Amino acid sequence: MADIIQLLPDHVANQIAAGEVVQRPASVVKELLENAIDAGATHIQLIVKDAGKTLIQVVDNGKGMSETDARLSFSRHATSKIRAAEDLFQLDTKGFRGEALASIGAIAHVEMNTSDNDDMVGTQIRMEGGKLVSQEVTATKRGTSMQVKNLFFNIPARRNFLKSNAVELRHIIDEFHRVVLAHPAIAFDFYNNGSELFKLPTANIRQRIVHVFGNKTNERLVPVSEETGVVNISGFVFKPEFSKKTRGEQFFFVNDRFIKSSYLHHAVGAAFEGLIKEQTHPGYFLFLEVDPSKLDINIHPTKTEIKFDDEHTIYAIIRSAVKHSLGQFNVAPVLDFDRDANLDTPYQYNKMSTATTPTIEVDSSFNPFEDEPKVTGNASSSSSGGSSSYSGGGASGHAYPKRERSGSWESLYVGLDEEKESFSSIEVESEQVTGSLFEEDSESASTTTYQLHKKYIVTTIKSGLVIIDQRRAHQRVLYEEFLKNMTVQSGASQQLLFPIKLSLNPTEMSLLLELQQSLESTGFVFSALDGEAVEISGVPVNVSEGDAAVVLDQLLSDLQEELPEHAFSQSDMLARTLCKSLAVRSGEYLNQASMQALVNNLFATKQPDISPFNKPTYITMTVDEIDKRFL
Ligand code: ADP
Ligand code: MG
């Protein structure tokens, strides 16, 4: 048989290998920024168009390249940064594989202008799909400018796989954050579609964090600093009260390189234990310095994972350093340090996780002028007890127009009272919902709902019992409401007497601009949007004035987190985020009228059985099932 094995031509090999280095525009941004840093630049400009799909340009004032180096830089394994395998263990540069330019050159139109002298003499190189198109002498100042156009022009599958501009820009901003936080001494500018997103002057790390994440960040930071033989730690954590539900600002840098490590993340979490609510995450910017020979950076092509020789020790040091800072800055009790044995936890409490934070309960339905005594729906008192027919204090109790609906759940709802009221602080729009869920029945007047553990609504139905998760049910109701408002562009708005001013960081601002139209269709009115702040002069009717700022803040931080694979349409994302922050929570007391309104509204939605997050909203138990349990 004839020999059939061939070596792939370089440009094919490069194109295949490119997949590993370049997943999306953000990967190109990362590689180009890192090259500029490795070249010793003190000022770096990043310019992107259409979230990098059309153009990514990085201009630096670094050392530039000679003519030969310029040509060679696009070859695979062409690097000036290591010469022998040993060098891998003494790395002080970002790059070392010599793959980035070869990969980028293989899948885009690239133009490089570079000069290594002050005589305005330089080299221009143009590459297309891995092939050299031209090489010319050009007039350019010291430094390098790389223009990457039409990314993935020759790999349509890849190009089609890219997400919306908003999502891709988000990835670029993430990479940008990681690079600029590690290098506060370098000045950076970032332009997207001609408008300036970031202008970061040379700074110290604290200033850099504030420049990137906005002025409000400054007061939230607690410094962390620890020097040991194994590792030096410096940086900041956010005060516990600023921990977020979503993963917010969490950065680890090892020797100025951003890394991801769930293990070390856990160490920070452990230091915050007991200080923050469950399921919230502390924010941090922690810089670790470790002897490079004690690291293996070479385990992942995009180099965000790292292996330490001494991981356990580093874990312990991080935890105690963060704990110590929180203590020193009076944000945590200092019992751990120089502790008095008398203050030790008595043995019976040793095994308990953390003390429960005392909470203040306010019965929002209490009305001192009301004649009738109120039923306070305390978790324990709402168990099985009396079937009193509490009528929902002053509820108007108007009936819905009747509508025939087929389906399984409606038939369950025979014999329930009809009432519609606002509940909690959140107004449920009393639009004429079609369909009577509860057939008028003489017995109906006596139906009562119970709140179980301030979490579930229990009510009876013809065939037995239904238990509704109050939060999920409300999410479903709000979700459909928002979605409808956005689709028909009819979100009712309530004018605020005093507009609320919110200061936003550049990332949030760009996100807000992107979402402005959809937000306005839910009922938000923005009267002024400038570089740093936004003025809200109207909010959707189901958002209370006091909540507006919080809701918007939460919205922006959530949407920053939203991973592309979860990104359905923009409206869907928005509706889901809004309903998440607005829905009643477990632990909130609901009065009779609110519960009934919620039950009614839930079963008037299109999909009452699941929450917008695909979780069941209610369960039923038939009398048969109950009978069986008594056997
Ligand atoms: P690596 O960074 O891993 O060495 P790259 O493919 O990113 O590989 O770059 C190849 C080489 O090109 C680098 O080693 C460097 O010598 C040179 N180079 C790339 N970008 C720049 C730049 N902005 N300024 C100066 N030299 C550069
Ligand atoms: Mg590189």
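The values are calculated or read from the model by the stated rules, or taken from the named source; none is laboratory data. Remember, predicted model here, so these are calculated numbers, not experimental data. Here Cβ is always computed from backbone atoms with ideal geometry, including for glycine, and neighbour counts include all displayed protein chains. SASA here: full protein model, heavy atoms, side chains in, ligands and nucleic acids out. Shrake-Rupley method; radii C 1.70, N 1.55, O 1.52, S 1.80 Å.
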Quiz item: Which of the residues that make up segment 275-295 are at pLDDT below 85 and loosely packed, with under 15 Cβ neighbours inside 10 Å?
Solution: 277, 278, 279, 293, 294
Practice problem: Could you please let me know if residue 177 is over 30 Å from residue 307 (Cα atoms) and either within 16 Å of ligand 2 (Cβ to nearest atom) or buried (at least 17 other Cβ atoms within 10 Å of the Cβ) (or both)? | Solution: no
Quiz prompt | Lone unmet requirement of (1) within 16 Å of ligand 1 (Cβ to nearest atom); (2) at positive phi for residue 147 | solution = (2)
Quiz item: Does segment 116-128 contain at least one residue that is within 14 Å of ligand 1 (Cβ to nearest atom), surrounded by 17 or more Cβ atoms within 10 Å (Cβ to Cβ) and in a loop (DSSP other than H, G, I, E, B)?
Solution: yes
Quiz item: Given the conditions (1) over 24 Å from the mean Cα position of the chain (by Cα); (2) farther than 16 Å from residue 592 by Cα; (3) surrounded by 24 or more Cβ atoms within 10 Å (Cβ to Cβ), and given that residue 449 satisfies all but one, which numbered condition is not satisfied?
Solution: (2)
Practice problem: Report the residue count in segment 1-31 for those that are open to solvent by less than 20 Å² (accessible area, probe 1.4 Å) and either hydrophobic (A, V, I, L, M, F, W, C) or not assigned by TED's automatic domain parsing to the domain that holds residue 108 (or both). | Solution: 6
Quiz item: Would you say residue 209 is in a helix (DSSP H, G or I) and of a type in the set (A, V, I, L, M, F, W, C)?
Solution: yes
Quiz item: Does segment 584-603 contain at least one residue that is closer than 30 Å to residue 166 by Cα, open to solvent by 30 Å² or more (accessible area, probe 1.4 Å) and small (Gly, Ala, Ser)?
Solution: no
Practice problem: Report whether or not residue 102 is crowded, with 19+ Cβ neighbours inside 10 Å and either within 8 Å of ligand 1 (Cβ to nearest atom) or modelled with pLDDT of 95 or more (or both). | Solution: yes
Self-check item: So residue 142, is it touching a strand residue (DSSP E or B) at 6+ places or on another chain (Cβ under 7 Å), open to solvent by 10 Å² or more (accessible area, probe 1.4 Å), in contact (Cβ under 8 Å) with a residue 60 or more places away in the chain and more than 24 Å from residue 511 (Cβ to Cβ)
Solution: yes
Practice problem: Considering each of 605, 577, 617 in turn, give the residue that is at pLDDT 90 or above, touching a helix residue (DSSP H, G or I) at 6+ places or on another chain (Cβ under 7 Å) and of a type in the set (S, T, N, Q). | Solution: 617
Quiz item: Does segment 502-554 hold any residues that are of a type in the set (D, E, K, R) and either outside the structural domain of residue 577 (by TED's automatic domain parsing) or open to solvent by 20 Å² or more (accessible area, probe 1.4 Å) (or both), and which are they?
Solution: 514, 520, 530, 532, 535, 545, 547, 553
Quiz item: How do the pairs read when you match residues in segment 73-97 that are closer than 22 Å to residue 14 by Cα and in a loop (DSSP other than H, G, I, E, B) with residues anywhere that are within 9 Å of ligand 1 (Cβ to nearest atom) and among the β-branched types (Val, Ile, Thr), using Cβ under 8 Å and keeping only pairs 6 or more apart or on different chains?
Solution: 81/93; 94/37; 95/79; 96/79; 96/82; 97/79
Self-check item: Pairs, first under 23 Å from residue 475 (Cα atoms) in segment 609-630, second aromatic (Phe, Trp, Tyr) and open to solvent by 60 Å² or more (accessible area, probe 1.4 Å), C-beta under 9 Å, six or more apart
Solution: 618/456
Self-check item: Residue check, residue 34 open to solvent by less than 20 Å² (accessible area, probe 1.4 Å) and either modelled with pLDDT under 95 or near ligand 1 (Cβ under 9 Å from one of its atoms) (or both)
Solution: yes
